[in-house]
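Working notes, beginning with the structure itself.
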Amino acid sequence: MWARIKPHALGFWRTLRSPSRYYSLGVLTVAGFIAGVLFWGGFNTALEATNTEKFCTSCHEMRNNVFQELKGTIHYTNRSGVRATCPDCHVPHNWTDKIARKMQASKEVWGKIFGTINTREKFLDERLVLTNHEWTRLKANDSLECRNCHDFDSMDLTRQSPRAAQVHGLWLRTGERTCIDCHKGIAHQLPNMRGVPQG
C-alpha cells in the first residue's frame, strides 16, 4: 500500500505523526480543531444568551423604565401576536453587525457598574443623551433593525393611511430618509425635548 503513495505524501504523514516534544503535530492539530469548535460553540451560546429579552430586563434600570413603556405599545402586544423583543430593535440580526453592536454596548456595562442610571431620577436626567445615542445609531445604519421586520418592498401602501402611504412612498423609496427619522418614540416614551432644536 505504501508503495502506491507518492513520496511527498509520505513525508506529510510522517510529519503529522512525528512527535514535537511530547505530542505529534497531528494530535496537536486535531486537539486545536476540537478546542476551536468548543470555544466557538461556547462563544455563540454566550452571545445568544445575552441576546434575549430576559437578559435585557434582568437589570432594574431596563426592567423598571423602558421595558414598562414597551409593554404599552403595539410592538409588545397586538392582534396578530407577533412581538418584538429588546434585541429585535436594538441588536442587528446579521452576525458581523451583531458583534459590532455588542462591542459598542459593552460601554453600557460600565454604566451599570458605576450606577449611571440606577434610579428613576438619574435615568430621566440621562434619557435625552441615551435616546440621542440610539437615534444616531439607527440613522447611521439606515434603521437596520427596523428593516429586519419592516421591508419596504413588502409594504402594501394601499392599506396604509393616505399620509403614511405618501410619506413611505416618497422617502423610503428614494432612501433620503429612514424609519427613525419619523418614528421616534414608537416603542418608548420620548425624552423631555425642551430646548432641543427640531427638524
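The values are calculated or read from the model by the stated rules, or taken from the named source; none is laboratory data. It should be emphasised that the depicted structure is a prediction, and the values quoted were computed from it without experimental measurement. Counting neighbours? That spans all protein chains shown, and the Cβs are built from the backbone with ideal geometry, glycine included.
Here are a few things to note about the model shown:
- None of Ser154, Ser161 is hydroxyl-bearing (Ser, Thr, Tyr) and either within 25 Å of Arg127 (Cβ to Cβ) or at pLDDT 90 or above (or both) except Ser161.
- Single match in Glu61, Glu69 (criterion: crowded, with 16+ Cβ neighbours inside 10 Å, over 17 Å from Arg147 (Cα atoms) and among the acidic types (Asp, Glu)): Glu61
- Any hit, region 154-167, residues being in contact (Cβ under 8 Å) with a residue 12 or more places away in the chain, surrounded by 14 or more Cβ atoms within 10 Å (Cβ to Cβ) and either within 28 Å of Asn51 (Cβ to Cβ) or acidic (Asp, Glu) (or both): yes
- The residue that is surrounded by the most Cβ atoms within 10 Å (Cβ to Cβ), counting only those in region 100-109 that are closer than 14 Å to Thr50 by Cβ and free of Cβ contacts under 8 Å to residues at least 40 places away in the same chain, is Arg101.
- Among the residues listed as Thr131, Thr77, Thr73, the single one being in contact (Cβ under 8 Å) with a residue 12 or more places away in the chain, in a loop (DSSP other than H, G, I, E, B) and out of contact with any Cys (no Cβ under 9 Å at 6 or more places or on another chain): Thr73
- Meets criteria (under 22 Å from the mean Cα position of the chain (by Cα), without any contact (Cβ under 8 Å) to a residue 60 or more places away in the chain and not in a helix (DSSP H, G or I)) for Pro92: yes
- Candidates Arg173, Arg137, Arg194, Arg147: the one that is farther than 21 Å from Gln68 by Cα, at pLDDT below 90 and buried (at least 16 other Cβ atoms within 10 Å of the Cβ) is Arg147.
- Filtering Lys112, Lys139 for residues that are in contact (Cβ under 8 Å) with a residue 24 or more places away in the chain, over 27 Å from Cys182 (Cα atoms) and not hydroxyl-bearing (Ser, Thr, Tyr) leaves a single hit, Lys112.
- Scanning region 95-121 for residues that are among the basic types (Lys, Arg), within 22 Å of Lys184 (Cβ to Cβ) and under 8 Å from the mean Cα position of the chain (by Cα) gives a single hit, Arg101.
- Any hit, region 169-189, residues being within 28 Å of Lys107 (Cβ to Cβ), among the aliphatic types (A, V, I, L, M) and not in a helix (DSSP H, G or I): yes
- Tally, over region 1-47, of residues that are within 44 Å of the chain's Cα centre (by Cα) and either part of a helix (DSSP H, G or I) or modelled with pLDDT of 90 or more (or both): 24
- Scope region 102-125; condition of a type in the set (Ser, Thr, Tyr) and farther than 15 Å from His60 by Cβ; matching residues: Ser106
- Qualifying residues in region 148-192 (those that are basic (Lys, Arg) and under 28 Å from the mean Cα position of the chain (by Cα)) - the one nearest to Ile74 (Cα to Cα): Lys184
- Number of the condition not met by Val82 [criteria: (1) part of a helix (DSSP H, G or I); (2) exposed (fewer than 14 other Cβ atoms within 10 Å of the Cβ); (3) at pLDDT below 90; (4) not small (Gly, Ala, Ser)]: (1)
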